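Colleague: Quick one: the structure is below, and I'll ask about it shortly.
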Amino acid sequence: MKKVLLLAALGLCLVAGIARSNESATEQLIVKLESLNQLQGRFEQTQFAADKDQPSALSSGHFKLLKPMYFLWDIDSPDNQLIVADGEHLWHHDRDLETVTRRSVAGHDQLSPLQVLAGDRAILSERFEVSRTGEGRFLLVPIKGSPGFRSLTLVFANGQISAMEVNDQLNQQLFIQLRDVDSDTALMPADFGFVHPEGADLFYHDQ
């Protein structure tokens, strides 16, 4: 659950050469993210427990992102779980356990990596220290708020987001590889609608 919420509980590159200030890195990141309005594709994620070299979990599925408040993260292997932000609520559906959790998006201090990809200028400037750690790599360290992770690295290749590396509050590492990324096919808010499945238990965390 914690792993999924980290993801529910959810995307940059100039050639490195001369040292740049954190302000400059933030502006570079904002410029890259401002050109990103919609995104979809598949993902493969590998989780490592703290101080462990071998993966503790592997999973895969597909994702969608539409600025500014919509995203979908659908894990289809080995678990069967769905996370959807529909603009008003954040839904987590565990299909195996037949449970649904609902949280309010508005006023929620935590941010998922996909929400960071939405590229809000104020959030990136005020809540994160941004630095470049290599060609196409931006490291974000929270300095304000409670984003749900200790650090986030966004990795870009050929002008497109290709991976994310997350270090969570328990010092676990999550590596997310994005595949078949499509930023051209049109997405609409209706693509992020969630219908409560009949028979699934519903838990509210926004009341």
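Colleague: Does region 123-167 hold any residues that are more than 22 Å from Leu178 (Cα to Cα) and among the aromatic types (Phe, Trp, Tyr), and which are they?
Modeller: Phe128 - this is the single residue of region 123-167 that is more than 22 Å from Leu178 (Cα to Cα) and among the aromatic types (Phe, Trp, Tyr).
Colleague: Check off (1) in contact with a strand residue (DSSP E or B) (Cβ under 9 Å, 6 or more places away or on another chain); (2) within 15 Å of Leu33 (Cβ to Cβ) for Asn167 and give me the number that stays unchecked.
Modeller: (2)
Colleague: Identify, from the list Phe175, Phe192, the residue that is open to solvent by less than 50 Å² (accessible area, probe 1.4 Å) and at pLDDT 85 or above. Full working, then the answer.
Modeller: On the way: Phe175 fails: open to solvent by less than 50 Å² (accessible area, probe 1.4 Å).
One residue alone meets the criteria, Phe192.
Colleague: How many residues, within region 10-43, are at pLDDT 80 or above, open to solvent by 70 Å² or more (accessible area, probe 1.4 Å) and charged (D, E, K, R)? Lay out the reasoning, then the answer.
Modeller: First, the residues of region 10-43 that are at pLDDT 80 or above: 24-43.
Keeping just the survivors that are open to solvent by 70 Å² or more (accessible area, probe 1.4 Å) gives 27, 31, 34-35, 37, 42.
Among the residues that remain, those that are also charged (D, E, K, R) are: 27, 34, 42.
Adding up the residues that qualify gives 3.
Colleague: Would you mind stating whether Ala200 is touching a strand residue (DSSP E or B) at 6+ places or on another chain (Cβ under 6 Å), closer than 23 Å to Met69 by Cα and among the small types (Gly, Ala, Ser)? So that I can check it myself, show each step before the final result.
Modeller: On the way: touching a strand residue (DSSP E or B) at 6+ places or on another chain (Cβ under 6 Å): yes; closer than 23 Å to Met69 by Cα: no; among the small types (Gly, Ala, Ser): yes.
So Ala200 fails the test.
Colleague: If you take just the strands (runs of 3 or more DSSP E) that sit entirely in region 84-169, which of them hold at least 3 residues that are among the aliphatic types (A, V, I, L, M) and crowded, with 18+ Cβ neighbours inside 10 Å? Outline the logic, then answer.
Modeller: Numbers: elements: 89-94, 99-104, 128-134, 137-142, 149-157, 160-168.
Hits in region 84-169: 149-157, 160-168.
Colleague: If you go through region 170-207 one residue at a time, how many are part of a loop (DSSP other than H, G, I, E, B) and either over 22 Å from Pro142 (Cβ atoms) or of a type in the set (Asp, Glu) (or both)? Steps first, answer last, please.
Modeller: Going through region 170-207, the residues part of a loop (DSSP other than H, G, I, E, B) turn out to be 170-172, 183-188, 193-200, 205-207.
Of the ones still in play, those that are also either over 22 Å from Pro142 (Cβ atoms) or of a type in the set (Asp, Glu) (or both) are 183-188, 193-200, 206-207.
So the count comes out to 16.
The values are calculated or read from the model by the stated rules, or taken from the named source; none is laboratory data. All values reported here derive from a predicted model rather than from experimental measurement. Neighbour counts run over all protein chains shown; Cβ positions are idealised from the backbone, glycine included. Protein only, heavy atoms only, side chains kept; ligands, DNA and RNA dropped before computing areas. Shrake-Rupley method; radii C 1.70, N 1.55, O 1.52, S 1.80 Å.
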